[in-house]
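Derivation of every value follows stated rules applied to the coordinates shown; laboratory data play no part. Keep in mind the model is a prediction, meaning the values are calculated, not measured. A quick note on method: Cβ atoms are made from the backbone with ideal geometry, for glycine too, and the neighbour counts reach across all protein chains shown.
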Amino acid sequence: MTIVDSHIHIRNAQGNFAPIDALAQRLGYSQFAVQSLQCTGDLLQNTVCAVCKAQRPGKTYAFGGLEYVTGRDYAAQAKNLRAMGFDGIKMLEGKPTTRRMLGKGLDDPAYDAYFGYLEETGFPVLFHMADPPEFWDRSKVPDWAVEQGWFYDETDVPYAQYYQEIENVLAKHPKLRAIFAHFYFLSDDPAHAQKFLDDHPSVFIDVTAGIEMYENFSKDPAFWRAFFIKNSHRIIFGTDSSDDVDLTDDKVNISGYAAMEIEFLRFNKDIEIYDKKLHGLGLPADAQARIFAGNFHKLVGKEPKPMDRAAVKKEAALLRGYLKNDEDARAMDHLVTLL
């Protein structure tokens, strides 16, 4: 079976992609997509994603990210990313921690021309919007989320507001080709999820964990199996895996989320992961084919675009002047040598 992992992150900037290659080999990926988190202020992210892709032609897609330090127009940045050979854009701007830093919603007029360009060109965008709803409830938020700084109180944007902002964006740009990560955090509200897909025929949702998603799915496997089959042309496989893994452990990410997500979709069986007990959906082969690869290929293309290495180097040289410390500057210089 062809498997494309649409959602992988690179945490280090040393150009050591062995952990990602190992994950892909162990899980039988045909291709994978690395997702930049440049919007968080890490100005190395686009370059490291570009290097990973350039070194693996035909196998690796790369979604770039916007930056908020040079003052460049967002639409111009999107045009530049597309010209460099990125396959789409990753937006973590909808996560509350990033929202605190940037201070603007995605329906802010500052993004109008940017989303207009994405819609006009069909350039895909992967959104992270909100977080699980229990992260706004002190009595329900998990301790590990609190430790990560992911508990949100009355000083943060309310959970429901994120969904209204996206409705506003899609009202202006109805043909925007978008993926909403983590099942759009609607695994506890299937009616909302179905309405969202019905109302917006150009969008997709992905199944990257959030373990809470898979716990919710497992509460009623028969219902969710029917939901996934009905919407199998709108769901995309991804794992949110990253390169910060222990290569000496042969079981890493095999007994973890990445392997679990594959098993969950493929098999009607009980699955234990950490302290959780889940139950897989056992989807039919045609639904699996669409979710594991077909939908991503339909949206982004069957082959990654070639990276323009000279253009990436030019962009890296510009961003180097905005790096905050010598360590980052050395990392950027090293990445450029790998292009």
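If you take all other residues with their beta carbon under 15 Å from the beta carbon of Gly280, and give Lys and Arg +1 and Asp and Glu -1, the sum is 0.
The three principal axes of the C-alpha atoms in region 261-339 carry coordinate ranges of 53, 35, 18 Å, sorted with the longest axis first. In the chain, taking the dipole from charged Cβ atoms about the Cα centre, the farthest positive-side position among Gln38, Gly65, Val4 is held by Val4. In region 175-310, the DSSP beta bridges split such that about 45 percent are antiparallel, to the nearest 5. Evaluated with a Cβ-only charge set (Lys, Arg +1; Asp, Glu -1), the chain carries a dipole of roughly 1300 debye about its Cα centre, given to the nearest 20.
Only Cα pairs under 8 Å and 6+ residues apart enter the sum, and on that basis the relative contact order of the chain stands at 22 percent.
Calculate how many DSSP beta bridges within the chain are antiparallel, expressed in % of all such bridges and rounded to the nearest 5. Restricted to the chain, the bridges split so that about 15 percent are antiparallel. Look at the dipole of region 154-311 built from charges on Cβ: of Tyr159, Gly301, Ala258, the Cα furthest out on the positive end belongs to Gly301. Taking every C-alpha pair closer than 8 Å and separated by at least 6 residues, the mean separation divided by the residue count of region 130-221 gives a relative contact order of 25 percent. Taking θ as phi - 60° and the Karplus parameters 6.51, -1.76 and 1.60, the scalar couplings of region 282-298 work out to x, 5, x, 4, 5, 5, 4, 4, 5, 6, 6, 8, x, 5, 5, 4, 5 Hz in sequence order, x denoting glycine and proline.
Per residue, the average separation of C-alpha pairs within less than 8 Å and at least 6 apart gives region 1-103 a relative contact order of 25 percent. Taking amide hydrogens as modeled 1.01 Å from N in the peptide plane, which residues meet the under 5 Å criterion relative to Leu66, leaving out close sequence neighbours? So Leu66 has HN proximity to Cys39. Using a simple spin-label model with pseudo-atoms 7 Å out from Cα toward Cβ, Asp156 and Thr337 lie 4.1 nm apart.
A simple count of charges around Lys195, restricted to other residues whose Cβ falls under 15 Å of its Cβ and scoring Lys, Arg +1 and Asp, Glu -1, yields -3. For Lys230, the aspartates and glutamates whose Cα falls under 13 Å of its own Cα, not counting residues fewer than eight places away in the same chain, are Asp198, Asp286. Taking region 86-105 and a reference point 7 angstrom along Cα→Cβ of Ala171, the backbone N atoms nearer than 16 Å belong to 105.
Multiplying the residue separation of Ala113 and Glu147 by 0.36 nm and removing their Cα-Cα distance gives an extension gain of 8.5 nm.
Along region 181-193 the Karplus relation, 6.51 cos²θ - 1.76 cosθ + 1.60 evaluated at θ = phi - 60°, assigns HN-Hα couplings of 5, 6, 6, 6, 6, 10, 5, 9, 9, x, 5, 5, 4 Hz to successive residues, with x for each Gly and Pro. With r as the distance between the Cβ atoms of Arg138 and Glu272 and R0 = 30 Å, compute the FRET efficiency 1/(1 + (r/R0)^6) and round to 0.05. According to the calculation, E is roughly 0.55.
Calculated mean residue ellipticity, 222 nm, the chain: -12000 deg cm²/dmol, from DSSP H runs (n ≥ 4) at -39500 (n - 2.57) each, averaged per residue and rounded to 500.
Computed from backbone phi, the HN-Hα couplings of region 127-142 come to 9, 9, 10, 6, 6, x, x, 5, 6, 9, 10, 4, 7, 10, 5, x Hz, rounded to whole numbers (Karplus: 6.51 cos²θ - 1.76 cosθ + 1.60, θ = phi - 60°; Gly and Pro given as x).
Sorting the segments 321-330, 296-305, 58-67 by their mean number of nearby beta carbons within 10 angstrom, highest to lowest, gives 58-67, 296-305, 321-330.
Among the listed values [x] 24.1; [y] 22.2; [z] 16.3, the one matching mean projected area of the Cα convex hull in nm² as calculated from this structure is [z].
Count the net charge of all other residues whose Cβ sits under 10 Å from the Cβ of Gly41, scoring Lys and Arg as +1 and Asp and Glu as -1. It works out to a net charge of -1. Computed from point charges on the beta carbon alone (+1 for Lys and Arg, -1 for Asp and Glu), the dipole magnitude for region 203-339 about its Cα centre is near 800 Debye. In the elastic network of the chain, a GNM with C-alpha springs shorter than 10 Å, the most mobile of Val69, Val169, Val51 is Val69.
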